[in-house]
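Sharing a structure below in structure tokens format, with a few things to ask.
The values are calculated or read from the model by the stated rules, or taken from the named source; none is laboratory data. Every value quoted in this text rests on a predicted model; they were computed, and no experiment measured them. With ideal geometry, Cβ positions are generated from the backbone for all residues, glycine too; neighbour counts draw on all protein chains shown.
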């Protein structure tokens, strides 16, 4: 399966360098290339469209413009450009995707199949599945099933083929046959996604097997049901025959092909390639909320936050995934530099979805990043009120609230939360490190702190933060020589972190390597530390660590030879 997916990805050339063939288009071409590096799809499309008005013969420029139009959600312009490109007799994989999307969205199954057969290809997996759904759209059920069987004979594609054959079987009303094809043993990992499990539950309900459907939901999600799953379970428990809504037509099936490939590509290639397929699925099926949310998430990964916000905003308020979309929109707003708007989105969501713990915890996370620790603590309080006390997943809520309590100097409450987090998730490295480091900073329970941090370092030996904590606890215990190695490793892993470099300077001073210590303090000062830290570093550079400790009323360091 992986080989076929990589072939899909590698056949695209969004980031493939090419040389502008005419001097007159160089400016637009170069601007378009720069926009590509920044994933600014609107700018990419405009610059390359301008270049193509003067030189329409460059196929790679056409491809780049097409991808930009599709990825910014402007399929109309992509179709216009693809059709003009196709009139020249040329084609490429991206123009074929766009052309196929146009035929699929209009329900022109015969033309779609004819063109695929004649060579307007996308790739073996996509082409084979599209031909199966096109046959179903033409009313040829037998031909459709035979086509899916043909795809299943190709190495690595059996899971994809069985998954789509199951959906096609359900579309024609044979839910028993669909379920036989839909299990993990036939459809592989595709049968275990949230979307797939919900569709299987709907099929079971259509067969008057609501009890089996409820058991499937509980087993698949271990009782952790989001609003959409809870709503489905409630209907099943009430004895309702839930309609099959996952894929209801051949056109939906065509959209599902692109969505399925997009979901698989997320683990195989870069977000811009994957986005092309997610946007195509969204275009073919206008109510495909899962494709809309995937597109928004990919845009976030690409740091194109305005387009991500716009995509999340398309999810209807009455849809069961609305809360998930609003959380995504708030995160995109925050990452895009608009924290006030992000907070406003979450506060409004609390009015309509205040019974969902993640709504409050997400607001708490935003407050915590904004250093509004008291507000964050209150948000985490509400999230924990909505979470069973023995839920193992609640460890992070206690950990996050512990951080906000610690930052607000409520140490008793902070330690209580950290220890509760460890009770729920024993050995969790981040919690062990934070609690251990905090104890070191407070000069409390240093032996226990060392044990915690050593356990965290063993679990995550490549974490600069944890190695810094390990070196620092050795330093605070007076075990200076033992502090050197982990602290030097931490500085190598986090070379521009002011705190780590400052700590390394102190450790080196303690073992007599004073010239190196001053070098590390100078480095720390160059990395924009907090002003209080910067003032202390400047004082150490001026008079040395021993005098600074004396001025602070701290015990002196043991004598060490100058420069070791």
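Provide a single number: the residues in the range 153-184 that are over 21 Å from residue 277 (Cα atoms) and either assigned by TED's automatic domain parsing to the domain that holds residue 101 or assigned to a helix (DSSP H, G or I) (or both).
Going through the range 153-184 one residue at a time, the tally reaches 12.
Report, ordered by the first and then the second residue, all pairs with beta carbons closer than 7 Å, sequence separation of six or more or different chains, a first member in the range 292-317 that is at positive phi, and a second member that is modelled with pLDDT under 95.
So the pair list comes out as 303/39.
Looking only at the range 82-112, which residues are touching a residue at least 24 places away in the same chain (Cβ under 8 Å), surrounded by fewer than 23 Cβ atoms within 10 Å (Cβ to Cβ), part of a helix (DSSP H, G or I) and over 31 Å from the mean Cα position of the chain (by Cα)?
The answer is 84, 110.
Within the group 204, 167, which residue is modelled with pLDDT of 95 or more, under 16 Å from residue 261 (Cα atoms) and crowded, with 20+ Cβ neighbours inside 10 Å? Reasoning before the result, please.
Details: 204 fails: under 16 Å from residue 261 (Cα atoms).
The unique qualifying residue is 167.
Just one of 302, 275 is buried (at least 24 other Cβ atoms within 10 Å of the Cβ) and within 14 Å of the chain's Cα centre (by Cα); which is it?
Numbers: 302 fails: buried (at least 24 other Cβ atoms within 10 Å of the Cβ).
Just one listed residue meets the conditions, 275.
A further question on this structure: Would you confirm, using the coordinates I've provided, whether residue 436 is assigned to a helix (DSSP H, G or I), closer than 30 Å to residue 493 by Cα and over 29 Å from the mean Cα position of the chain (by Cα)?
Details: assigned to a helix (DSSP H, G or I): yes; closer than 30 Å to residue 493 by Cα: yes; over 29 Å from the mean Cα position of the chain (by Cα): yes.
When the stated conditions are applied, residue 436 passes them.
Further question: Of these, 507, 500, 484, which one is in a helix (DSSP H, G or I) and not assigned by TED's automatic domain parsing to the domain that holds residue 529? If you could, list the steps in order and put the result at the bottom.
Working: 507 fails: not assigned by TED's automatic domain parsing to the domain that holds residue 529; 500 fails: not assigned by TED's automatic domain parsing to the domain that holds residue 529.
So the residue among 507, 500, 484 that is in a helix (DSSP H, G or I) and not assigned by TED's automatic domain parsing to the domain that holds residue 529 is 484.
Kindly indicate which of 236, 229 is more than 21 Å from residue 99 (Cβ to Cβ) and surrounded by 21 or more Cβ atoms within 10 Å (Cβ to Cβ).
Details: 229 fails: surrounded by 21 or more Cβ atoms within 10 Å (Cβ to Cβ).
Of the residues listed, the single one that is more than 21 Å from residue 99 (Cβ to Cβ) and surrounded by 21 or more Cβ atoms within 10 Å (Cβ to Cβ) is 236.
List every residue pair whose Cβ atoms sit under 8 Å apart, with the two residues 6 or more apart in sequence or on different chains, where the first one lies in the range 529-557 and is farther than 16 Å from residue 505 by Cβ and the second, anywhere, is surrounded by fewer than 16 Cβ atoms within 10 Å (Cβ to Cβ) and at pLDDT below 90.
Correct list of pairs: 550/556.
For residue 191, state whether it is surrounded by 14 or more Cβ atoms within 10 Å (Cβ to Cβ), within 25 Å of the chain's Cα centre (by Cα), at pLDDT below 90 and closer than 29 Å to residue 127 by Cα.
Numbers: surrounded by 14 or more Cβ atoms within 10 Å (Cβ to Cβ): yes; within 25 Å of the chain's Cα centre (by Cα): yes; at pLDDT below 90: yes; closer than 29 Å to residue 127 by Cα: yes.
Yes.
Against the condition under 18 Å from residue 285 (Cα atoms), buried (at least 18 other Cβ atoms within 10 Å of the Cβ) and in the same structural domain as residue 258 (by TED's automatic domain parsing), how does residue 137 come out, does it pass?
On the way: under 18 Å from residue 285 (Cα atoms): yes; buried (at least 18 other Cβ atoms within 10 Å of the Cβ): yes; in the same structural domain as residue 258 (by TED's automatic domain parsing): yes.
When the stated conditions are applied, residue 137 passes them.
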